[in-house]
Amino acid sequence: MKRYEIISHSPQETIDFAAALARKLQRKDVITLEGDLGAGKTTFTKGLAKGLGIERNVNSPTFTIIKEYNGRLPLYHMDVYRLEDTFEDLGFDEYFDGDGVTVVEWAHLIQEQLPPELLKIHIYHHGESERKIVLVPIGKRYEELCKEIIGNEGISN
C-alpha cells in the first residue's frame with residue numbers, strides 16, 4: 001500500500017493543500033482524518049470546504065457529531081470522538097453513499113462502519129507550526145487522486 005507525504009509550513013498551507021484536493025473530489029468520496037488534538041484536522045477540513053466553494057465558517061462538530069455544508073458538493077463533516085464509549089447506528093452509510101463528500105475525524109472509532117475504499121489522512125505535529133500530512137489511499141480512485149494532487153512519489157509500506 002502506498003502513502004504520500006507532504007510538509008505544511010503553516011495553517012494557510014494546510015488550507016491551500018486541502019482546497020486543491022477538494023477541487024478534485026467527487027460525490028461519495030470519503031476522507032478520514034486522524035491526528036492528535038490540535039494537529040490540524042479542522043484546519044484541513046476548512047480547506048476542503050474552501051475548495052468546495054463553501055463560504056460558511058467550518059468548525060469542529062464535536063458536540064453535534066455531524067455538520068452539513070453546501071457548496072459545489074455537500075460536505076458532511078463528522079467528528080466521532082465522543083462515540084468511543086457508545087455505539088449507535090447513526091446512519092453513516094447514508095452519508096457515505098450520499099451526494100456529497102464525507103470527512104470523518106477520529107475515524108478509527110467507527111472503523112467497522114467505514115466504506116471499503118477511502119482516503120486516509122494522518123496529520124502529525126512536525127515542529128511548532130509545521131505539519132506532516134500523510135495520505136494513504138485505499139482503492140484505485142484514491143490512488144489516482146493522490147497521484148494527481150501530489151505526483152507519483154508515493155512511499156511503499
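Observations
- Scan segment 32-57 for residues that are in contact with a Phe, Trp or Tyr (Cβ under 9 Å, 6 or more places away or on another chain), outside any loop (DSSP other than H, G, I, E, B) and within 21 Å of G71 (Cα to Cα) and the total you get is 6.
- Residue pairs meeting the criteria (Cβ under 9 Å; at least 6 apart or on separate chains; first in contact (Cβ under 8 Å) with a residue 40 or more places away in the chain and open to solvent by less than 10 Å² (accessible area, probe 1.4 Å), in segment 19-41; second in a loop (DSSP other than H, G, I, E, B) and charged (D, E, K, R)): A22/R72; L25/R72; V30/E117
- Filter pass, G71 being among the small types (G, A, S) and open to solvent by less than 30 Å² (accessible area, probe 1.4 Å): no
- The residue that is surrounded by the fewest Cβ atoms within 10 Å (Cβ to Cβ), counting only those in segment 110-140 that are within 15 Å of the chain's Cα centre (by Cα) and part of a helix (DSSP H, G or I), is Q111.
- Segment 91-109, subset part of a loop (DSSP other than H, G, I, E, B), more than 20 Å from K46 (Cα to Cα) and not charged (D, E, K, R), residue modelled with the lowest pLDDT: G91
The values are calculated or read from the model by the stated rules, or taken from the named source; none is laboratory data. What you see is a predicted model, and the numbers here were worked out from it, not measured in a lab. Glycine also receives a Cβ, built like all others from the backbone with ideal geometry; neighbour counts cover every protein chain displayed. Accessible surface areas use protein heavy atoms only, side chains included; no ligands, DNA or RNA. Shrake-Rupley method; radii C 1.70, N 1.55, O 1.52, S 1.80 Å.
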